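What follows is a single structure, written as structure tokens, with notes after it.
Nothing in this text is a laboratory measurement; each read-out follows from the coordinates by a stated rule. The shown structure was predicted, so the numbers you read here are calculated from the model rather than taken from an experiment. Cβ placement follows ideal geometry from the backbone for every residue including glycine, while neighbour counts extend to all protein chains displayed.
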Amino acid sequence: MRERRLFLALIDLLLVNAAVVIAFTVWSLRSDKELGELLTTQTYWFGVLSLLWFGFEYLSGLYDLRVVAQLRATVRALAQTFALVLVAYLAIFFSLPTELPRGIVLYHGIAAIGLIALWRAAYIRVAPHTPFRRRAVIVGAGNAGREIARTIRTQFQAHYDLVGFVDDDATKRGCAVEGLIVLGTRADLTRVIEQQRVAEIILAITRDVSDDLFRALLDAQELGIEIVPMPILFEQITGRVPVDHIGDSWYVALPLSRAAAGGFDRVAKRAFDVAFALLGLIAFGLLLPLIALAIRLDSTGAIFYSQTRVGQGGRIFTVRKLRTMVRDAEPHGQAVWASQNDPRVTRVGKILRRLHLDEVPQFWNVLRGEMSVVGPRPERPEIVAQLEKQIPFYRLRHAVKPGLAGWAIAHADKVYTVDDARLRVEYDLYYIKHQSIWLDVWILFRAVWHVLAFKGR
């Protein structure tokens, strides 16, 4: 998968720079400048536009292999990339005391979108064909094997050609599981690899690997076959840690390197949190009189309300939120799960939730160091106590500070049931394992886009 992303990036780089040449050509035709002069005196545009396009292509998801396999999603991401490049250019144009050519970005954008759209459309047409897909066999036809087969078929079919299963249950041989045939047992693994021209083994075994299977896997590796555990591949495809399919490989869920990260990353994240929280509270202060008036006119009750939440290391802290429900929405103060189209939510509350404005007072918790701008959403102690009993590895969410925005919120914003909470935990664990400044920037970008699109709960 990394090779495919690199391949996509290299072709994009070529086309983005070809678009610069096209833009220079149009520029020279519309002015008295020679093309050769522009190519020698304006070379910085190759670097500037390449950086802008690559940065915004990444943020828009054009290197997400699930996106690149779908024409509609690719077109949407390309349009979003061009809009972001245009906004960035306008910001540079009006902030720097230099005379930048106003048409260069428009010429370049049209050329780049046209070239990249044609290239990505060709890729989408060619990629699903068997010679360009990775042939793989799944070892283990149990729950984990079935889950990865479903995941690949629904989200990654363009990149994998699954030939079938290998499973030690002899009664399954020749049977169809998730539309794939069980081709044999571990004793048949080498034969299956050679006959089916397999390039990758997906190891979907949740218990300890037996000595016989281990030797069969070593034989396969000697043949140059790549072996990837199911939880790792599932994580790469979905951006989630499959908590129900880890089994004895419990270490897959642990943030062994990131949870205790220190040094520059920790200092940079804290500085980012403080700066963002200050800006957020200033903006909130300007909007608060209007919001408070709307809340008071819509329903009786306080403007703010407080709740206890569980933070990093299991510590309890208090958050304040704008009231979005009717007064006494929770009888006797007992935690009640929200529901879709919850009748307790007021008219103004629906708007505040859509725009996530009800959460903005929590910037104060960010300043206090109890929360971060990006991280898992904090839950109430009563709900945490319930979910810890029902969802494996739930407590690992508390390995980092909770946040206002998060990887899970970008993918699974609404939580109405335990299954919804399990899905969010899987995303949260992925974030904890892979957290970085760049991932935080991507999450904030998606959060802002989420708000602008009015997609809140």
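Let me spell out the model: positive unit charges on the Cβ of Lys and Arg, negative unit charges on the Cβ of Asp and Glu, origin at the Cα centre of region 130-253. What dipole size does that give, in debye rounded to 20?
The dipole magnitude comes to about 500 debye.
Exposure proxy shown here: for 56, 7, the number of other Cβ atoms within 10 Å sets the order, fewest to most, as 7, 56. Using the Cβ of residue 242 as centre and a radius below 9 Å, the other residues enclosed give a net charge of -3, where K and R count +1 and D and E count -1. Overall, the chain carries a charge dipole of about 1380 debye about its Cα centre when +1 sits on the Cβ of Lys and Arg and -1 on the Cβ of Asp and Glu, all other atoms neutral. Only helices reaching 20 angstrom along their own axis (Cα) with mean Kyte-Doolittle hydropathy no lower than -0.5 count here, and for the DSSP H runs of the chain these are 2-29, 44-60, 71-95, 104-126, 264-298, 437-452.
About the Cα centre of region 157-229, what is the dipole size in debye to 20, counting +1 per Lys and Arg Cβ and -1 per Asp and Glu Cβ, all else neutral?
For region 157-229, the charge dipole is close to 180 debye.
Available extension along the chain between residue 212 and residue 267 is 14.9 nm, counting 0.36 nm per residue and deducting the alpha carbon span. Please give the Cα centre distance for region 8-81 versus region 354-376, rounded to the nearest Å. Measuring centre to centre over Cα atoms gives 36 Å. Legend: distances between Cα atoms for 269/433; 350/389; 172/389; 269/389; pairs beyond 26 Å are 350/389; 172/389; 269/389.
Shown for 132, 363: other C-beta atoms within 10 Å of each C-beta, ranked fewest to most, produce the order 132, 363.
Within the chain, DSSP assigns beta bridges of which about 35% are antiparallel (rounded to the nearest 5). Of the trypsin sites (Lys or Arg not before Pro) found in region 1-97, those in coil by DSSP whose Cβ has at most 13 other Cβ atoms within 10 Å are 30. Remark: 438, 119, 53 ranked as 438, 119, 53, counting other beta-carbon atoms within 10 Å and listing the fewest first. Over the residues of the chain, the helix contribution to mean residue ellipticity at 222 nm works out to -17000 deg cm²/dmol, using -39500 (n - 2.57) for each DSSP H run of at least 4. Residues of region 137-163 falling in the label zone of residue 64, defined by backbone nitrogen less than 15 Å from a point 7 Å along Cα to beta-carbon, are 155-156. Near residue 160, the amide H atoms lying under 5 Å from its own belong to 134; only residues 5 or more places off or on other chains count, and H is placed 1.01 Å from N.
Separation of region 392-452 from region 282-322 is 21 Å, based on Cα centroids. Which residue, 137, 189, 50, has the largest displacement toward the positive end of the dipole of the chain when charges sit on each Cβ (Lys, Arg +1; Asp, Glu -1)? Going by the charge dipole, the pick is 50.
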